[in-house]
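Colleague: Please see the structure below; I have some questions.
The values are calculated or read from the model by the stated rules, or taken from the named source; none is laboratory data. Here the structure is a predicted model, which means the values were calculated and not measured. Neighbour counts are summed over all protein chains in view; Cβ atoms, including those assigned to glycine, are modelled from backbone coordinates with ideal geometry. Heavy atoms of the whole protein, side chains included, go into the accessibility calculation; ligands, DNA and RNA do not. Shrake-Rupley method; radii C 1.70, N 1.55, O 1.52, S 1.80 Å.
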Amino acid sequence: MKKLPIYLMLAASIIACQSPQQAEETSLFNPYDPMLDGQCQVQQVDKGESWPSTYMWHPGQLAAWKQADNLARSKGRCVYVGYPGSYYKMSETTLFQTEAELNKNSVLEWRASGDVQLKLDDIIQEIKGNQFEIPTGKHSLHIRVTSKGRVPTLIVKGAGLEDANRWTSSTDGTNWVPVESDARFCHPQILPDEPQEVLVTIPHQGDITLKAGEQQLVDFKHLELGFVKMHIKGNARLAFVVGETPEEAQNTEIRGFEQFALDTLVVEREQDFTLKERALRYLNISALEGECTISQLRLDAEMWPVEFQMNFECDDEELNQIFQASIATLHTCMHNFYLDGVKRDFLPWAMDAVVSSMGADFAFGEQQLSRNGISVALMPEHPTQADLGVIDYPLHALLGLQQEYMRYGELKTSLMFQHRIICQMELFMSMQDENGFITAIDNGWGFIPGWDIQNGPEHPGRAAYPQMLLMENFRIGANFAKLWNMPELAETYTQKAEQLEKSIKEHFWDPDRKVFINGYLLDGTRDERVSHHTQYWSVLTGLYPAEEYKHLFEEVYPSIPNYLDNISYEKGYEAMAYAKAGYAPQFIDVLKKVWGYWLKKGNTRFPENFQINESEATQREFYHRPFGLSLCHGANGAPAVTTIIYGLFGFQQDMEHPGEYTVSPKLYNLKHMKGYFTVKEGRISIQVKEDGTVQVDAPENCTVKVL
């Protein structure tokens, strides 16, 4: 395997086409992630028979079912649960169709989640069991699956029909689209809507003996969702409280609980005991009466089975730990989606899911989870303004679709959701004024860029940043329309994007201060304040003039009041803006000051809202509740990952030619670094040394230009 030494001092540009093998493999040990922590153990599961095919379902149906299932699980565990807006609903019936051309009679076998009706050449067939013999010749095949309370799913074997790409699906018999599927669902006895998590045992070392009036605080180190299990010997009455912090676990005031209180336990004999499912790091055990000894105490965490596809190591140990904790934060929040968090609500939110995938796609390559997030971000078919909750949240869906297309190289997902994409764009076009702007009225959630809005923009009105998001949606929509061979639609979207670009610059750009203002308030007053949201979206969308980057990042950003006092969940996007502008070192400083601060306090996951200059009690508060903050929030696992990918590794991908990549690694203030991440063709490995040499290993089936 050849290695490519590149001397940066020569500014050489070299095409790397090597096999995805790494000379110096970086270690995958990660003390923050239970799956990579040597003290923990993954419980192996026998999934049984595997077929050469996968389960299929109508696009978005699994995401809709999982969203409802997450909501039901959340309501059974979490005290405060609520959603704005309307969402895509699941149908109990799905139609699957394909064509078969056979040179001999062939048996088709299937498994389905419900009742099956089979049509061969438009004639309903009598079927017995799960098999049917298809005669020689060319035939059309229709299979209807009806499942009450389940996702209508189908897996087939035989007759040369195993490839899911040969099938289309419909819920109305009129609009047919490519089926949705995923390689993990190849076991006929495990339906896609069944739990996919594995259990990872996080042990507590040593026995605990308690007498009446005594209590013991247990720290499992890892904050995860799961079941606490123990062996108890003695006679006692025990109470249990869980939490993300010692203070939460030791709180006995029920009004402060974010998860429903656990029942007390009366121990009268030696027994094994399991607590109800809870998200926790800390467990407080109190002996109300009697005396007992607790042994074999452990947390069986429910974790999404992943392949770790990214790693990073450098000479800065603090940055290494921030990266490792970021990966663990993303992983903890993987439960059918990239979730808001596991303790407080366990729900997928549009912006959170999409910005999480911006980092997690490189770390795990979990295309199905990214697609699920895109689906819940998209509005339902034929939406109206009444379906809107947070108005700008659906605008993140197309950002996710573009990311998904570039990362996984498949146009199929956009074709699955084509009708919903077009319907959503039609809704936003119907909301535009003469300048192309959309307005949030003051009777709902309005615009929500994040929680850090001391400097605005306001929720109602015509904020600048959602107009930038809408402009980018039209650009992305135009690109997909071209790929769909719909030139008229592409032209419509292109014109809309051009109108918005002109209007945004005309109405929101302040040439004297060289910034984009917040926008307009609902009464028409100009909001002249400068917030970071509008600036980073202007960089990401190419609106901010590149020749003024120095002014923006060295003068404007440092002058924004309270910029690092309150940090919210949109920072993955902002990290990408810093990297795009060549200011990754400045964002690394932010990571170390804020994310590093959180780790130094003893935390092992990153929260939804950082308030580093507030008291610890205030830091734990949210929604006016003493423990309302999600201390593990997937979206805030993304900034470190995107900073490393786009800033330190200097990764870029050609929009017109997605198989062409550029990496321009920069050490900045580091002495050396090495790592790898995965693109659709395989692994790209990078090693940079203090003497200025760069070694890049890349897959053979793509072009990687090294600058």
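Colleague: Which residues in segment 131-157 have a backbone N closer than 14 Å to a point placed 7 Å from the Cα of E381 along the Cα-to-Cβ line?
Modeller: none
Colleague: Applying a 10 Å radius around every beta-carbon, put 425-431, 563-569, 472-478 in order of their mean neighbour count, most first. Write down the numbers at each step before the final one.
Modeller: Values: 425-431: 16.6, 563-569: 19.9, 472-478: 23.7.
Highest mean packing first, the order is 472-478, 563-569, 425-431.
Colleague: Tell me, rounded to the nearest percent, the portion of alpha carbon pairs in segment 421-576 spaced more than 22 Å apart. Intermediate values should be presented prior to the final figure.
Modeller: Values: 5103 of 12090 pairs.
So the pairs more than 22 Å apart make up 42 percent of the total in segment 421-576.
Colleague: Considering all alpha-carbon pairs of segment 281-424, what whole percent are spaced by more than 19 angstrom?
Modeller: Values: 6301 of 10296 pairs.
When every Cα pair of segment 281-424 is considered, 61 percent fall beyond 19 Å.
Colleague: While we're here: Which pairs break 32 Å Cα to Cα here: K89/K496; K221/K592; K229/K592; K592/K705; K505/K592; K502/K550? Before the final figure, lay out the partial values.
Modeller: On the way: K89/K496 30 Å; K221/K592 21 Å; K229/K592 36 Å; K592/K705 30 Å; K505/K592 34 Å; K502/K550 24 Å.
Long pairs (Cα-Cα over 32 Å): K229/K592; K505/K592.
Colleague: Probe radius 1.4 Å, ligands and nucleic acids ignored: give me the carbon and sulfur share of the accessible area of the chain as a rounded percent.
Modeller: Working: 13050 of 27500 Å².
Reported share for carbon and sulfur atoms: 47 percent.
Colleague: What number, rounded to the nearest 500 deg cm²/dmol, is the helix-based mean residue ellipticity at 222 nm of the chain, given -39500 (n - 2.57) per DSSP H run of at least four residues and division by all its residues? Walk me through the intermediate numbers first.
Modeller: Working: 16 runs with 176 residues, N = 707.
Mean residue ellipticity, 222 nm, calculated: -7500 deg cm²/dmol.
Colleague: Shifting gears a bit: With r defined as the distance between the Cβ atoms of R237 and N443 and R0 fixed at 45 Å, what FRET efficiency is calculated, to the nearest 0.05? Kindly include the intermediate steps, with their values, before the conclusion.
Modeller: On the way: r = 51 Å, r/R0 = 1.13.
The pair R237/N443 has a calculated efficiency of 0.35.
Colleague: Between E109 and N435, what is the label-to-label distance in nm when each label sits 7 Å out along the Cα-to-Cβ direction?
Modeller: Once both label points are built, they end up 6.5 nm from each other.
Colleague: Can you tell me what share of the DSSP beta bridges in the chain is antiparallel? A percent to the nearest 5 is fine.
Modeller: On the way: 114 of 119 bridges.
Beta bridges within the chain, antiparallel portion: roughly 95 percent.
Colleague: Further question: Which order do peptides 619-628, 299-308 fall in by mean Cβ count within 10 Å, highest first?
Modeller: Details: 619-628: 16.7, 299-308: 19.5.
Result, highest mean Cβ count within 10 Å first: 299-308, 619-628.
Colleague: While we're here: What FRET efficiency comes out for the pair H551/D654, r = Cβ-Cβ distance, R0 = 51 Å, nearest 0.05? Could you put the intermediate results ahead of the total?
Modeller: Details: r = 29 Å, r/R0 = 0.57.
Calculated transfer efficiency: 0.95.
Colleague: Return one whole number: the accessible area per residue of the chain in Å², for a 1.4 Å probe.
Modeller: Values: 27500 Å² over 707 residues.
Heavy-atom SASA per residue in the chain reads 39 Å².
Colleague: Tell me, what is the FRET efficiency for D510 and A617 to the nearest 0.05, using R0 = 41 angstrom and their Cβ-Cβ distance as r? Walk me through the numbers on the way to the answer.
Modeller: Values: r = 39 Å, r/R0 = 0.95.
Step by step, r from the Cβ atoms, then E = 0.55.
Colleague: Looking at (i) 32.9, 110; (ii) 26.6, 79; (iii) 28.8, 101, which value of Rg and Dmax of the Cα atoms in Å comes from a calculation on the structure shown?
Modeller: (ii)
Colleague: Rounded, prolate or oblate for segment 177-297? Axes are the square roots of the Cα gyration tensor eigenvalues, ordered a ≥ b ≥ c, and the cut-off for rounded is a/c under 1.5.
Modeller: On the way: a/c = 2.69, a/b = 1.98, b/c = 1.36.
Note, shape of segment 177-297 comes out prolate.
Colleague: So, one more: How far apart, in nm, are the 7 Å Cα→Cβ label points at E247 and H139?
Modeller: It is 6.8 nm.
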